[in-house]
1. (1) in contact with a Lys or Arg (Cβ under 9 Å, 6 or more places away or on another chain); (2) surrounded by 13 or more Cβ atoms within 10 Å (Cβ to Cβ): which one isn't true of Arg297, the others all being true?
2. Just for the stretch 3-22: of the residues that are out of contact with any strand residue (DSSP E or B) (no Cβ under 7 Å at 6 or more places or on another chain) and not polar (S, T, N, Q), which one is nearest to Glu92 (Cα to Cα)?
3. Tell me yes or no: at least one residue of the stretch 236-253 is aromatic (Phe, Trp, Tyr), closer than 20 Å to Phe164 by Cβ and in contact (Cβ under 8 Å) with a residue 40 or more places away in the chain.
4. Checking Ser39 against (1) surrounded by fewer than 16 Cβ atoms within 10 Å (Cβ to Cβ); (2) part of a loop (DSSP other than H, G, I, E, B), only one condition comes out false. Which one?
5. Inspect the stretch 166-180 for any residue being in contact with a strand residue (DSSP E or B) (Cβ under 9 Å, 6 or more places away or on another chain), closer than 19 Å to Tyr309 by Cα and among the β-branched types (Val, Ile, Thr) and give the result as yes or no.
6. Please determine, by comparing only the residues of the stretch 16-33 that are without any contact (Cβ under 8 Å) to a residue 60 or more places away in the chain and in a strand (DSSP E or B), which one is surrounded by the most Cβ atoms within 10 Å (Cβ to Cβ).
7. With respect to Val316, determine if the residue is free of Cβ contacts under 8 Å to residues at least 60 places away in the same chain and aliphatic (A, V, I, L, M).
Amino acid sequence: MKVAVVILNWNGKHLLEQFLPSVINFSKQAKIYVADNASTDGSVSFLEKNFPEVEIIKNSRNAGYAGGYNLALKHVPEDIHILLNSDVEVTENWLLPVIEVFENEPKTAAVQPKILDFKMKDCFEYAGAAGGYLDKFGYPFCRGRIFQHLEEDHGQYNDDQYIFWASGACLAIRKDNYEQTGGLDEDFFAHQEEIDLCWRLQNEGFRIKYVSASRIYHVGGATLADMNPKKTFFNFRNSLFMLLKNVESGRVFYVLFIRMILDGVAGFKFLFEGKFNHFFAILDAHGSFYRHYGKIRKKRPKTFIFNDYYKIKSIVFAHYIRRKNKFSELEK
């Protein structure tokens, strides 16, 4: 089984300089690629000069996370593709537990390692933590992270689990499964397209798994700042895209209606906090959803095998009303 680590880069020369050495040192089982999304900061020449062992794939444009990987992975022949963010520090033997799952579990299509915070290494990191889940209205959360609340890692999530979604910060996936489902949805551009992909994989009868013995450290927010209104726009719009595509016919409009009400509450919260750019980003997100409604609706599958998609009815209610901050508290 051949493995490829594929790092998508856009004007991240400083990140490659900092983090690529750990990937090279600790990924002897894999071939390493950097897929460059038409950077203008000299990333390609820097790689050619300093890392000749890395194969460079040059995309002709900045196609975002989804389009960038779709373009690049056409040139990657290995059996297992590991989509790795450029702001990730990997650890010794991080690949071995991931490869073992793919060798032993043919119905597991995607795997995620334990993702810890590079800046606070005893804490889980926002973008994936110990595996991702959804609530009924499409809000994502993780074992180890609910909204902005991050748990410290005390080994409480060292049990391997089947999860709903694997983080795009480090998404290991079989090449065949990636191609079978059509890859990442380029209409998302960036944010939550990995959740959509994992949902589609499960609707094809495959599983997603979190593997605790594999550990990485993620900076997070290095490409698009946490409080950037553009990130707010993509998160809110893409959640609606994802629900429209994947929730079965009997309840899709109910789920979308409630989600839009909750988005409105979030928008007014931003407004009262003086975060006007984020308020308008949510309005723009809903406008974009309506404009693309017909196109996205055509992507709905003919049959919905995987209907029981949510872990809890409302993570918003559980966190903000019932004050549940830890994943383990959601079981109660």
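Just so it is clear, none of the values below were taken in a lab; they were calculated from the coordinates. All figures in this text were calculated on a predicted structure; none of them were measured in a lab. Note that we place each Cβ from the backbone using ideal geometry, even for glycine, and neighbour counts take in every protein chain shown.
1. (2)
2. Out of the qualifying residues, it is Pro21.
3. For the stretch 236-253, residues aromatic (Phe, Trp, Tyr), closer than 20 Å to Phe164 by Cβ and in contact (Cβ under 8 Å) with a residue 40 or more places away in the chain: present.
4. In the conditions (1) surrounded by fewer than 16 Cβ atoms within 10 Å (Cβ to Cβ); (2) part of a loop (DSSP other than H, G, I, E, B), Ser39 misses (1) alone.
5. No: zero hits.
6. Looking at the filtered set, the residue picked out is Tyr33.
7. Judged against the criteria, Val316 is not a match.
Yes/no per residue for (1) touching a residue at least 24 places away in the same chain (Cβ under 8 Å); (2) surrounded by fewer than 23 Cβ atoms within 10 Å (Cβ to Cβ); (3) under 17 Å from Gln112 (Cβ atoms):
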| residue | (1), (2), (3) |
| --- | --- |
| Glu151 | yes, yes, yes |
| Asn158 | yes, yes, yes |
| Gln161 | yes, yes, yes |
| Ala166 | yes, no, yes |
| Ala172 | yes, no, yes |
| Asn177 | yes, yes, yes |
| Gln180 | yes, yes, no |
| Gly183 | yes, yes, no |
